[in-house]
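The values are calculated or read from the model by the stated rules, or taken from the named source; none is laboratory data. Note that the coordinates shown come from a computational prediction; the quantities given were computed from them, not determined experimentally. FYI the Cβ positions are ideal-geometry reconstructions off the backbone, even for glycines, and counts take in every protein chain you see. Areas reflect the complete protein model, heavy atoms only, side chains present, ligands, DNA and RNA absent. Shrake-Rupley method; radii C 1.70, N 1.55, O 1.52, S 1.80 Å.
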Amino acid sequence: MHERSLVKGLIEQVLEDARIRSLGQIHEIKIEIGEFSGVESPLVQSAFDEMAGEYWPFQVRLVIDRIPLTAICQNCQESFRVTDFRFICPQCRSGDIKVTAGEEIRLVSLRAEAIIE
């Protein structure tokens with residue numbers, strides 16, 4: 001289950017970011033997962049729920065936003081959402097397209113308490 005290793009990497013990234021930015025208690029982690037990333041959001045959520053307690057003695061909320069698979073036609077410049085894995089421009093029917101979103105997995109934001117010195 002590669003979602004567990006993905007979550008471990010996410011948690012390590014959050015801990016490092018919190019250390020660098022001198023953040024206190026983390027309340028919320030927001031990520032984006034593209035629908036064509038090969039990662040299942042429910043499995044990420046489940047892995048996070050299982051693993052978060054190993055790193056934080058308090059509740060941390062994981063918010064997952066799904067990013068639709070979108071592309072742009074290199075022929076007519078039409079931007080469109082790819083559905084049913086049909087990588088063909090709906091405007092001119094060209095197959096010369098470039099995916100613009102929906103393959104990514106990224107940390108978007110953290111909501112945390114600042115440490116005041």
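Observations on the model:
- Residue count for the stretch 89-117 under the criterion of being part of a strand (DSSP E or B) and not polar (S, T, N, Q): the result is 13.
- Considering the stretch 89-111, the residues that are in contact with a Phe, Trp or Tyr (Cβ under 8 Å, 6 or more places away or on another chain) and of a type in the set (G, A, S) include one that is least open to solvent (accessible area, probe 1.4 Å), namely G102.
- Elements of the type strands (runs of 3 or more DSSP E) sitting completely within the stretch 1-88 and holding at least 1 residues that are in contact (Cβ under 8 Å) with a residue 12 or more places away in the chain, of a type in the set (A, V, I, L, M, F, W, C) and surrounded by 11 or more Cβ atoms within 10 Å (Cβ to Cβ): these cover 23-34, 61-67, 70-73.
Table: residues versus (1) modelled with pLDDT of 95 or more; (2) within 28 Å of F85 (Cβ to Cβ).
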{"site": "H2", "(1), (2)": "no, yes"}
{"site": "V7", "(1), (2)": "yes, yes"}
{"site": "D17", "(1), (2)": "no, no"}
{"site": "R21", "(1), (2)": "no, no"}
{"site": "G38", "(1), (2)": "no, yes"}
{"site": "G53", "(1), (2)": "no, no"}
